[in-house]
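Engineer: Shown below is the structure under consideration.
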Amino acid sequence: LGSGGAAAQSGPATELLKPSTALQPLPRGEAGRQLPIVLKADRVSGRPDLEALAEGRVEFRRGGLVIRADRLSYDLAEDLARASGQVRISRNGAVYRGPELQLHVQRSEGYFLQPEFEFPLLGAGGRAERIDFVDASRSRATRAEYTSCPREGTDEPAWLLRTDAVRFDLDKNEG
């Protein structure tokens, strides 16, 4: 992506990046801005130090953040990632899946449309019409379902919270 230490790959991967639920959160401030961006996809195009467009089996990594999607554009000046298709994001031990994501990467601000989400460390998850990310640990889900009960196949869990809105704070373990 440019002089910020970013790397882009097109074609078959020469090294395999391994998923982990124990990745550390992004450092804040200048330290966070210095982290490299790794962008892999079947096709990558763009303008150095400005923007990148990745299509086909996209993987975007920066610090503890991993975004996988069918298509992703990244605006370097705005630090804005826009992903579409089958989007999956892993951050701070949480996993979100859905069709569309927009995220200011360093600030961890943005939204995810129609996501399913899991908090594996809490054994909880659900789905929502929309999740708005406030920062790295806080979010707000709109028209959401949430449970910490395990599901047995397609059966409904023992309890399920349905609400117009719910706020999550993963640092405080509150919802």
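The values are calculated or read from the model by the stated rules, or taken from the named source; none is laboratory data. All of these numbers come straight from a predicted model, not from anything done at the bench. Positions of Cβ are backbone-derived with ideal geometry, glycine not excepted, and every protein chain shown enters the neighbour counts. Quick note on the areas: whole protein, heavy atoms, side chains included, nothing else; ligands and nucleic acids left out. Shrake-Rupley method; radii C 1.70, N 1.55, O 1.52, S 1.80 Å.
Engineer: Considering only residues that are closer than 19 Å to Tyr111 by Cα and either basic (Lys, Arg) or loosely packed, with under 12 Cβ neighbours inside 10 Å (or both), which ones fall in segment 158-170?
Structural biologist: Passing the criteria: Asp164, Arg167.
Engineer: Further question: How many residues are assigned to a strand (DSSP E or B) and farther than 16 Å from Pro150 by Cβ when one looks only at segment 99-126?
Structural biologist: So the count comes out to 11.
Engineer: Any idea which residue in segment 86-98 is farthest from Gly64 (Cα to Cα), counting only those that are in a strand (DSSP E or B) and open to solvent by 30 Å² or more (accessible area, probe 1.4 Å)?
Structural biologist: Gln86
Engineer: So which residues in segment 127-149 are in a loop (DSSP other than H, G, I, E, B) and within 19 Å of Asn92 (Cα to Cα)?
Structural biologist: Those that are in a loop (DSSP other than H, G, I, E, B) and within 19 Å of Asn92 (Cα to Cα): Val134, Asp135, Ala136, Ser137, Ser148.
Engineer: Please determine whether any residue of segment 65-77 is crowded, with 18+ Cβ neighbours inside 10 Å, part of a loop (DSSP other than H, G, I, E, B) and on the phi > 0 side of the Ramachandran plot.
Structural biologist: Within segment 65-77, none of the residues are crowded, with 18+ Cβ neighbours inside 10 Å, part of a loop (DSSP other than H, G, I, E, B) and on the phi > 0 side of the Ramachandran plot.
Engineer: Taking segment 102-123 as the search range and keeping residues that are under 10 Å from the mean Cα position of the chain (by Cα) and polar (S, T, N, Q), which one is modelled with the highest pLDDT?
Structural biologist: Checking each candidate, the answer is Gln102.
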